[in-house]
Structure formats: structure tokens, C-alpha cells
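Enquirer: One structure coming up, written as C-alpha cells, with questions to follow.
The values are calculated or read from the model by the stated rules, or taken from the named source; none is laboratory data. For clarity, every value in this text was computed on a predicted model and none was experimentally measured. Cβ coordinates were reconstructed from backbone atoms using ideal geometry, including for glycine residues, and neighbour counts include every protein chain displayed.
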Amino acid sequence: MQNKLLELKEIFLTNIKEIDKDIGLEELEKDFLWKTWKLKEILKWIKDLSVEDKKIIWPEANKLKVFIEEQISLKKIEIQEAKYAKIEEEEKIDVTLKFPQENRGHKHPISITSKLLEEIFISLGFKVEDGPHIETEEFNFDKLNIPDDHPARDVWDTFWVSDEINKEKKSWDKYLLRTHTSPVQVRTMLKWELPIKIVVPGRVFRYEQEDARHTCNFYQLEGLVVWEWVTFWDLKWTLDTVMKSLLWKDTEIRLRPSIFPFTEPSAEVDVSCQICKWTGKVKSGSCKMCSGVGWVELLWAWMVHPKVLTDAWIDPEKYSWFAFGMWIDRIAAQRFGVSSSRMFYQSKLKLNEQF
């Protein structure tokens, strides 16, 4: 009987060496350990053995069973490791190699324009600041001299977070999508770190009727200078220098008197239209970007109202100040010769891939 157990062990070892797949191992396990196992066929004659022989054969049979189970478990691990090693060999990637990359993408024209503007202003000594897209009514309106009963609020269509939520709340606890980046100017002034010379590029939101120059969300850049002996002439020189640097050297600007609730004096700033080359006409007729007048409104400029500075604990008797703003979308259209700033938001790859 012992010889049959040894013979069965040799047969098992021979068979398991030839197996290299999970399916074959399952068949081997079924053949040796399940209900039809070969070991059972041998042990069915144990009843004919003497008591002494049974004491010897049973332990040997159990040892063989445990041995077969261990070898099958080890074989399973070996097959799995071999399979993973093969996958690793077939799919390995040398990360040090350079692969040709297609359709890598590139910066959006508005991002390009915004970056260029930042670089120009940094070269003029400005710092770039940023702020939250969701603002409080206090920073977006009240601290900019636009109280709740001010007529300017009527034409400033706003995306409130929730009218029901905000209904019973105070201005410092009512939230909206910022309508301009001016709140960042207030936040900067409240730091009391004078002098101030900053620009604030960013996305803003207004409920606008869309046309060639207007969209309900757009990008603007605002600037603020608080210093001693700052004049309106410094403001005009700054804007003229920036426009000539970003567009063309022969670009002209003009200032038109205007009214803003948080500034005095104030001006709208027009730039000679780059789409129609100052003529007001294009091949299809009148230029939509400048409405056929040869000038397009790209900027606004002002001297900050004394009340805004006083609310920020800055002495208006000691410091002079000016601020300005510009539509990055419109400037991008002028720089890249695009007839409508809306086109930048229409996911037109044929347009964006040109720049």
C-alpha cells in the first residue's frame, strides 16, 4: 500500500510540472483531491489491512493529501506570477523614451491675451492679485459706493446665489457671482499695505443681452494705483502704453467723459478698431465690432471716489489714486482679428487652433 502511495505521489509531481495554465491545474486538482480523487481509489482497500498497517497507512495518506494541496497552492501562485510577468513584459513602457505627441492642445486665445496683459503690467511695476468668484453684496456693491437704493443697481443685472436664501440676510451675508473684479481692489486696500499698484484679471458674470461685444460671462482685468502725487495723466499714459504694447504701435486711444458711482472723474476709453483698421467697414459691410465708427470700447478709467478710500481707512487727503478696467475678451478679438468675442465661447476648434 505504501508503494502505491509513493507511486501516486510521483504521478502527481510529473503531472503538475507539465501544467502552466489555471484550467489544467483545476483538472489536476479535481483528479487528485475531489470526490473522484485517485487517493480515494487506493484507500478503499484499507479495510482489508491489519490494525497495525492501518496505523501506518492513514498518516501517510493524510501527509500525501496535505502535500498535494500545498503543491497545488504553490502552483497557482507560480502560474499567476508568470501571467503577470508576461503582461508586464508585453506592456512595459520605457518612460525615458520620447514619443511623438499629437493633439496636445494649447492655451485658449483669452488665456494667451490675459497672460500677455499680466506680463506687460508686471513690466510696469504692477502686482497681479486674485479673488473669489462668489462675492458678498457688501464687497461687490456697498463698499464700492453702490448702495442698495442706488440707480446703478437697476442696470446691473446680477446672478444672485439664491434670492430666497438672501432675502432676509444682511449685505455682508448675501452672495452673488461677482459682476466685476473691483471687490479685489477693496480687499487689497483693506490690507493697508501702501502704496498699492495692482492688476486683477478674472472671470465675471452679468445677465447681458449677447451680441458681438457682450456675453453673460466674460473676462476682465482691472487695475488700481494708490500713491502720492498720482494724476489722471499717469492713468492715460499707462493705458496708452499697454494698448500699444499689446496691439500695434500705431494704436490710438480716446477718452470720453462718463459716470460711475464709485469714481470721480470717470471716462470710457475707446481704442482704434483693429478689425476694420479704423475705417468702420469690412468686406461684408459695416464692422460689427465697432458698430461702423472705427472706435471700439475696450477700457474704462477713473479716479477713485474719496468715499471708497475712506471706507478702506485710507486718507484721501494724503494719497492720490486711479483705477481702470478692460474687457480681455474684446481685446483678444482685436489682437487676433476675430469679428465677435462670442466666438471664443462656442467651442470652435477651427477658430481656437489658429492661435
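Enquirer: With respect to residue 287, determine if the residue is in contact with a Gly (Cβ under 6 Å, 6 or more places away or on another chain) and not aromatic (Phe, Trp, Tyr).
Expert: Criteria met by residue 287.
Quick grid of which residues meet (1) outside the structural domain of residue 336 (by TED's automatic domain parsing); (2) touching a His at 6+ places or on another chain (Cβ under 6 Å); (3) over 24 Å from residue 334 (Cβ atoms); (4) free of Cβ contacts under 8 Å to residues at least 24 places away in the same chain:
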position: 205; (1), (2), (3), (4): no, no, no, no
position: 222; (1), (2), (3), (4): no, no, no, no
position: 231; (1), (2), (3), (4): no, no, yes, no
position: 235; (1), (2), (3), (4): no, no, no, no
position: 244; (1), (2), (3), (4): no, no, no, yes
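Enquirer: Let me ask something else about it. Please indicate, with yes or no, whether at least one residue in segment 240-254 is farther than 21 Å from residue 204 by Cα and at pLDDT below 80.
Expert: no
Enquirer: Looking at 184, 204, 230, 226 in this structure, which one is more than 15 Å from residue 134 (Cα to Cα) and at pLDDT 85 or above?
Expert: Matching residue, one of 184, 204, 230, 226: 226.
For (1) in contact (Cβ under 8 Å) with a residue 24 or more places away in the chain; (2) in a strand (DSSP E or B); (3) on the phi < 0 side of the Ramachandran plot, each residue gets a yes or a no:
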| residue | (1), (2), (3) |
| --- | --- |
| 288 | yes, no, yes |
| 291 | no, no, no |
| 296 | yes, yes, yes |
| 299 | yes, yes, yes |
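Enquirer: Still on this structure, please answer the following. For the condition at pLDDT 75 or above, surrounded by fewer than 10 Cβ atoms within 10 Å (Cβ to Cβ) and among the aliphatic types (A, V, I, L, M), what is the one hit in 110, 93, 79, 11?
Expert: Result of the check over 110, 93, 79, 11: 93.
Enquirer: Output the residues belonging to segment 276-286 that are in a strand (DSSP E or B) and under 17 Å from residue 343 (Cβ atoms).
Expert: 282
Enquirer: Scan segment 259-271 and give yes if some residue there is touching a strand residue (DSSP E or B) at 6+ places or on another chain (Cβ under 9 Å), assigned to a loop (DSSP other than H, G, I, E, B) and modelled with pLDDT of 75 or more, otherwise no.
Expert: No, segment 259-271 contains no residue that is touching a strand residue (DSSP E or B) at 6+ places or on another chain (Cβ under 9 Å), assigned to a loop (DSSP other than H, G, I, E, B) and modelled with pLDDT of 75 or more.
Enquirer: With 344, 324 as the choices, which residue is in the same structural domain as residue 247 (by TED's automatic domain parsing), of a type in the set (Phe, Trp, Tyr) and assigned to a helix (DSSP H, G or I)?
Expert: 344
Enquirer: Moving to a separate point now. So, in segment 302-333, exactly how many residues are crowded, with 18+ Cβ neighbours inside 10 Å and out of contact with any strand residue (DSSP E or B) (no Cβ under 7 Å at 6 or more places or on another chain)?
Expert: Residues meeting the conditions: 4.
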